[in-house]
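First comes the structure, then the notes that go with it.
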């Protein structure tokens with residue numbers, strides 16, 4: 001019986017791709033640019049959570065996810081589905097447009113080498 005915190009979660013082809021961000025469709029390995037996007041999303045989600053002064057546990061409770069899943073998203077080990085991302089953003093009080101802006105800033109910082 002599925003855990004209510006994972007309601008709607010299916011292990012189909014889309015879920016498999018999200019669960020394995022290093023592999024793309026057809027089993028090919030993702031390139032560095034694609035992996036950078038995943039890492040960027042994780043870093044931005046962590047920044048937004050911290051800005052909202054929430055712990056991973058707080059965000060997990062607000063989104064009906066586990067703390068381990070929040071950690072996996074933030075560390076780019078897996079990607080949230082769009083409905084899950086929408087729940088996370090709602091809990092953080094952030095719009096999809098705001099997320100896009102934050103991702104663009106993250107991409108520019110990462111590509112400039114300022115912090116790394």
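Note on residue 97 and residue 82: the extension gain reaches 4.0 nm, defined as 0.36 nm multiplied by sequence separation minus the Cα-Cα distance. In this rough spin-label picture, where each label sits 7 Å from Cα along the Cβ direction, the residue 111-residue 66 distance is 3.7 nm.
Here residue 90 and residue 39 are evaluated by their C-beta separation; at R0 = 22 Å the FRET efficiency comes out at 0.40.
Note on residue 75 and residue 51: their simple-model spin labels are 2.4 nm apart, each label 7 Å out from Cα toward Cβ.
A short reminder: the numbers here are calculations on the coordinates, not readings from a lab. If you're wondering where the values come from, they're calculated on a predicted model, not measured in any experiment. When we count neighbours, we look across all protein chains shown, and the Cβ atoms used for this are built from the backbone with ideal geometry, even at glycine.
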